[in-house]
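K.L.:
Got a structure here, written out as structure tokens. Questions coming.
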Amino acid sequence: MAEMNMAKSINLALFEAMEKDSRVVVLGQDVGVDEGVFRITEGLHAKFGDKRVFDTPLAESGIVGTSIGMAINGLLPVAEIQFAGFDYYAYQQLESHAARFRNRTRGRVTVPMVMRAPSGAGIRALEHHSESREAIYCHTPGLKVVMPSGPRNARALMHAAINDPDPVIYYEPKALYRLFKEEVPDEIEVMPIGKAQVVRPGSDITIISYGATMRPCLEAAELLMEEDGVKAEVIDLLSLMPLDTETFVNSVAKTGRAVVVHEGPRACGVAAEVVSRINENVFLYLEAPVIRLTGYDVPVPYFSKEKFYIPDTDKVVEACRKTLRF
Amino acid sequence: MPRKELEFDYTVETLSIVDEEGNVDKALEPKLSDKELLDMFRWMLYSRRVDERQLNLQRQGRIGTFPQSTGHEAIGLGSVFAIEKSDWFVPAYRELVCFLYRGWPLERLLLYWAGFEEGAVPPEGVNDLPICVPVASQLLHASGIGMANNIKGENKVVLTYFGDGSSSEGDFHEGINFAAVFNAPVIFVCENNQFAISEPLHKQTRTKTIAQKAVGYGVPGVRVDGNDVLAVYVATKEAIERARKGEGPTLLDCLTYRYTPHTTADDPKKYRSDEEAQKWAKREPLIRFAKYLEKKGLLNDEKRQKMETEIDEEIKEAVKKMETLAKSKELMEPLAMFDFLYADVPVHLEVQKHELAESLGRADEVSAKSNPQRSIAGTAKRGG
């Protein structure tokens, strides 16, 4: 066991995967000698050299498009997009190709690649560096989308993403990179994509979230216990596509109340999908309407006011109380 | 700093070997055997006949919209004839002759235009990708494949195709730039037919040629007579030799004319003149290559007639096979739409598959356990 932060644990996963399988290559702007602007690729270039860890021209469509070609030709590329706010350049490649090759060739041509990018707000970053747009990729049939919420699951999810035979979008909540440390086991853990985790059991209300908002959700659950005696069950989705319907539906069947929390905008977001599935599966178990606590449907404000945009502990507590009072 | 002129060692070469009358430039004529030359002609003729037959099939409603390729046979065959089976072929969508030459069964190609994904499945034994509709996006796959060849130490080249309109796309720039920076063995073949649907070349670019764009990437660019199959062959062969020696990519700008509408859904009368088309008609690649072969004593009317009869018979068989396949239970299975998206079918797709099966009155065929929906009426806490 070693204690480390999430930046280190993602780096460790990349290192382990590259050591284990010579087909794994890491590419992107600044990932080589500079070791990534967030240092996620630290030590990789020194250890594995130019052929397996390489700087690319500054072109996101190019990074993803050539990764698709490399994946088709037998490699396992892990492409870094420096900030999620720039991966829209690559959307055509993801939507039209990464997500479709397997389907349109009936399984003959496949694209086992990972696109990883730092996502989300909360680090007082410049414009275009704080978005959470994971829902776009959940809306793209053929992709898988995962988001870790801490050092241990970040490493385990990265291994799963690299092992996966299909393209995986791996969004890293960058506010968490160095926020806290966690024990990470010595042996490699692989977390199945498509499974959620009940991270705090409870019986009165279900709080469903993922990524950076997991911390406020857990803090809110603690506060609700201390102040109201309410036992909140907290679920970390981890995988947004596929979504583990069973885990949250079972929980809501038990609690009858739910709040779904994420940082990305509300309209057509992940929470909208979660609420729909709750309605489709356990509508008559509900004691109150399910609340979506999300980013607002506006661009993330510049950092002087970004904290008003992000769902925080107080907002989660308030949403839960509202649901419980209904 | 005073004004100065920087000098660059760039030139853009042009290449033409056989003229409109079938006269050959002996110094440039490639060393191909009589058999190879006749084979080349046969592939081009085969492709032409297929294109013509496809038009009939489309008009009869037996296949859907498709982009015609008449007039593009020299670019396609001249280039693809220069690569090995183990090399990579990354197409756009007007390379019918390449698909045929690479061994794609004709019935499979027809299935694609008849609306079946099965038509996009590459055959065994070749490193080919299927048709790519979003223009220029495939160029990045070609570059990535070439980069992987370098990483793996494999001496295979990648042949990829695009049109003049594609050169306006960002992925054209990124594709060539990545291949250039990583010294990837990729040959970028521009089928410059001077039209992107209705827009003539000057609406895509201010440059005189596509070839000169290579200068901006530090790679060789050649303007090739795209109606001269031997010129395309020689230019590609030279590009491949450079690529195999580790000298990286080449851009070939093969000039032709779009002799047909863009697709069967297009009407060029709205945007271009008959005179222009007539001017280009006499430069057409099959006529020219036939004249060359006749002058060499390799081809005559009788031989050509025999080839055409054989080809038409092959096409007839393929159409029959395609229509049998298109009616088969396996290819007409709507529930299969869920089966190939991911290596393992995720639960939400199982649910949706069940939903479609139900609407088809076939719910019993799809396992009920795959549907996690609860029986609402039976187990509800309240109101049930």
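Bear in mind that the values in this text are calculations on the coordinates, not laboratory data. Small disclaimer: the values here were computed from a predicted structure and weren't measured. Cβ placement follows ideal geometry from the backbone for every residue including glycine, while neighbour counts extend to all protein chains displayed.
K.L.:
In degrees, nearest 10, range 0 to 90: what is the angle between the Cα axis of helix A:60-72 and the longest Cα principal axis of chain A?
P.N.:
For helix A:60-72, the angle is close to 70 degrees.
K.L.:
Taking the Cα atoms only, what angle lies between the long axis of helix A:6-20 and the longest principal axis of chain A, rounded to 10 degrees?
P.N.:
Compared with the principal axis, the helix lies near 40 degrees.
K.L.:
Expressed as a whole number of Å, what is the distance separating the alpha-carbon centroids of segment A:201-262 and segment A:53-68?
P.N.:
38 Å
K.L.:
Just to be sure I understand: with springs between alpha-carbon atoms less than 10 Å apart, which residue in B:GLY165, B:GLY144, B:GLY246 has the highest mean-square fluctuation in the Gaussian network model of chain B?
P.N.:
Of B:GLY165, B:GLY144, B:GLY246, the Gaussian network model singles out B:GLY246 as fluctuating most.
K.L.:
Once you sort the root eigenvalues of the Cα gyration tensor of segment B:13-327 as a ≥ b ≥ c, which label holds: rounded (a/c under 1.5), prolate (a/b larger than b/c) or oblate (the other case)?
P.N.:
Rounded.
K.L.:
Let me ask another. Based on the alpha-carbon gyration tensor of segment B:274-351 and its eigenvalue square roots a ≥ b ≥ c, which shape applies: rounded if a/c is under 1.5, prolate if not and a/b is larger than b/c, or oblate?
P.N.:
It is prolate, given that a/c is not under 1.5 and a/b is the larger ratio.
K.L.:
Whole angstrom only: what separates the Cα centroid of segment A:103-132 from the Cα centroid of segment B:223-283?
P.N.:
37 Å
K.L.:
Per q in 0.09 1/Å, what log10 I(q)/I(0) does a Debye calculation on the alpha-carbon atoms of segment A:197-325 return?
P.N.:
Those come out to -0.22, one per q.
K.L.:
Helix-only estimate, please: 222 nm mean residue ellipticity of the protein assembly as shown, summing -39500 (n - 2.57) across DSSP H runs of length 4 or more and dividing by its residues, to the nearest 500.
P.N.:
Calculated mean residue ellipticity at 222 nm is -11500 deg cm²/dmol.
K.L.:
Please state the relative contact order of segment A:1-45 as a whole percent: Cα pairs under 8 Å, 6+ residues apart?
P.N.:
36 percent
K.L.:
Still on this structure, please answer the following. Would you please put B:324-334, A:203-213, B:287-297 in order of how densely packed they are, using the mean number of other Cβ atoms within 10 angstrom per residue and starting with the highest?
P.N.:
With the highest mean Cβ count within 10 Å placed first, the list reads A:203-213, B:287-297, B:324-334.
K.L.:
For chain A, modelled as a Gaussian network with Cα springs under 10 Å, which listed residue fluctuates most, A:VAL37, A:VAL190, A:VAL24?
P.N.:
A:VAL37
K.L.:
Relative contact order for chain B: what percent, with Cα pairs under 8 Å and sequence separation of 6 or more?
P.N.:
20 percent.
K.L.:
Would you please classify the overall shape of the protein assembly as shown from the alpha carbon gyration tensor, given that a ≥ b ≥ c denote the square roots of the eigenvalues, rounded means a/c under 1.5, and beyond that prolate means a/b larger than b/c while oblate covers the rest?
P.N.:
Prolate shape, in that a/c is at least 1.5 and a/b is the bigger ratio.
K.L.:
Let me know the mean shielding of A:107-117 by other chains, meaning the per-residue number of their Cβ atoms within 10 Å of its Cβ.
P.N.:
Average per residue, whole number: 2.
K.L.:
Would you tell me the mean number of C-beta atoms belonging to other protein chains that fall within 10 Å of each C-beta in B:341-350, as a whole number?
P.N.:
The per-residue average across the peptide is 6.
K.L.:
One quarter of the convex hull surface, Cα atoms only: what value does that give for chain A in nm²?
P.N.:
16.1 nm²
K.L.:
For chain A, take the longest principal axis of its alpha carbons; what is the angle in degrees between that and the long axis of helix A:214-228, to the nearest 10 within 0 to 90?
P.N.:
20 degrees
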